[in-house]
Amino acid sequence: MIKTVTSDLPTLLNSKGQPATVLVTGATGYIGGRLIRELLSHEYKVRVLVRDAARLNDYPWVQNVEVVVGDATNPEALEKALKGVDLAYYLLHALMVSKDFESKERELAEIFGSVAKKQKVSRIVYLGGMISNDDQLSPHMSARAETGEILRNSGVPTIELRAGVVIGSGSASFEMLRHLTERLPFMVTPKWLLNKIQPIAIRDVLRYLVGSATIDKKVNRDFDIAGPEVFTYLEMMQLYAEVAGL
């Protein structure tokens, strides 16, 4: 067994006492690809749903997973992907859609929840974003929150993990932070640099995702996950510059 950051966590077993069958969507994303490695270390039977199987060729785990090719908006493809699945990880998003991505996010969640219920999936784990109750939500964060609500109301118990900014080499948030700090010796600071964030390390996100598999099946709610410290984006950039010796 591969030793990973979640090796000490329990494994979800199916009705036969064997490691459960797990579907991972968003397998080619930053978090999805790392999550699969953790799940395989627990000997889960991992299935992935992708639009293009060729995108998996460079992943070291590709020979150890079952690949279903199809679009997540296609109920037939989803039925094939979710058949016999005990646990499904929902890591889908529609940010690359240029027009009305909110409707696309809603469609994805509604179809996924409906098919998961039909296929008698016992648990959905969804990774969303941390939401402030004090501020008006951006369209992106509003869509993330609505996705969680749709999945929780699907009839399949859903754990929604609301993460702060995920810190880890390769993550979109971290690479943007690094790019701005390393490339710009000075800059006129936009207002968003003063927004407060509560970052979380990718290792901790993976522990929460894998750990959610064995939470009581009756639990159907959201949880905020984050590190212990609150920064502004500007403070994060200054901290990175200090650590990097800039």
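Per the conditions (1) modelled with pLDDT under 75; (2) more than 23 Å from E102 (Cβ to Cβ); (3) open to solvent by less than 80 Å² (accessible area, probe 1.4 Å), the sole criterion not satisfied by P139 is (2).
Looking at this structure, is G32 crowded, with 19+ Cβ neighbours inside 10 Å and in contact with a His (Cβ under 9 Å, 6 or more places away or on another chain)? In short, no.
For the stretch 12-22, check the following and say yes or no: at least one residue is surrounded by 14 or more Cβ atoms within 10 Å (Cβ to Cβ), in a loop (DSSP other than H, G, I, E, B) and among the hydroxyl-bearing types (S, T, Y). Looking through the stretch 12-22, none of the residues is surrounded by 14 or more Cβ atoms within 10 Å (Cβ to Cβ), in a loop (DSSP other than H, G, I, E, B) and among the hydroxyl-bearing types (S, T, Y).
Summed over the stretch 158-204, residues that are of a type outside the set (A, V, I, L, M), assigned to a helix (DSSP H, G or I) and either modelled with pLDDT under 85 or buried (at least 17 other Cβ atoms within 10 Å of the Cβ) (or both) total 11. Of the residues making up the stretch 205-220, those that are open to solvent by 60 Å² or more (accessible area, probe 1.4 Å) and out of contact with any strand residue (DSSP E or B) (no Cβ under 7 Å at 6 or more places or on another chain) are R207, D216, K218.
Of all residues in the stretch 35-49 being of a type in the set (A, V, I, L, M) and open to solvent by 10 Å² or more (accessible area, probe 1.4 Å), which is farthest from G211 (Cα to Cα)? Step by step, filter the stretch 35-49, then rank; the result is L49.
Of the listed requirements (1) touching a residue at least 40 places away in the same chain (Cβ under 8 Å); (2) surrounded by fewer than 20 Cβ atoms within 10 Å (Cβ to Cβ), E76 misses just one: (1).
A88 passes every criterion in (1) more than 20 Å from V125 (Cβ to Cβ); (2) at pLDDT 95 or above; (3) among the hydrophobic types (A, V, I, L, M, F, W, C) apart from (1).
Scanning the stretch 142-151 for residues that are open to solvent by 50 Å² or more (accessible area, probe 1.4 Å) and either over 16 Å from the mean Cα position of the chain (by Cα) or among the basic types (K, R) (or both) yields a total of 1. Cβ-Cβ below 9 Å, separation at least six or inter-chain, first residue in the stretch 7-32 and closer than 18 Å to P60 by Cα and without any contact (Cβ under 8 Å) to a residue 40 or more places away in the chain, second open to solvent by 30 Å² or more (accessible area, probe 1.4 Å) and among the acidic types (D, E): which pairs? Every condition considered, the pairs that remain are T28/D52.
Hey, does the stretch 36-43 have a residue that's touching a His at 6+ places or on another chain (Cβ under 9 Å) and within 27 Å of I200 (Cα to Cα)? The answer is no, given that none of the residues of the stretch 36-43 is touching a His at 6+ places or on another chain (Cβ under 9 Å) and within 27 Å of I200 (Cα to Cα). When the stretch 23-46 is limited to residues that are β-branched (V, I, T), closer than 18 Å to I124 by Cα and not in a strand (DSSP E or B), the one that is modelled with the lowest pLDDT turns out to be I31.
For (1) assigned to a loop (DSSP other than H, G, I, E, B); (2) over 29 Å from D216 (Cα atoms), each residue gets a yes or a no:
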| site | (1), (2) |
| --- | --- |
| V48 | no, no |
| A54 | no, yes |
| Y59 | yes, yes |
| A72 | yes, no |
| E102 | no, yes |
| E107 | no, no |
| S114 | no, no |
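If we scan the stretch 204-224, do we find a residue that is over 16 Å from Y89 (Cα atoms) and in contact with a helix residue (DSSP H, G or I) (Cβ under 8 Å, 6 or more places away or on another chain)? Checked against the condition, which is being over 16 Å from Y89 (Cα atoms) and in contact with a helix residue (DSSP H, G or I) (Cβ under 8 Å, 6 or more places away or on another chain), the stretch 204-224 yields no hits at all.
The values are calculated or read from the model by the stated rules, or taken from the named source; none is laboratory data. Since this is a predicted model, take the numbers as computed values, not measurements. As a convention, Cβ positions derive from the backbone with ideal geometry for all residues, glycine included, and neighbour counts pool all protein chains shown. We work out accessible area using only protein heavy atoms, side chains counted, and drop any ligands, DNA or RNA first. Shrake-Rupley method; radii C 1.70, N 1.55, O 1.52, S 1.80 Å.
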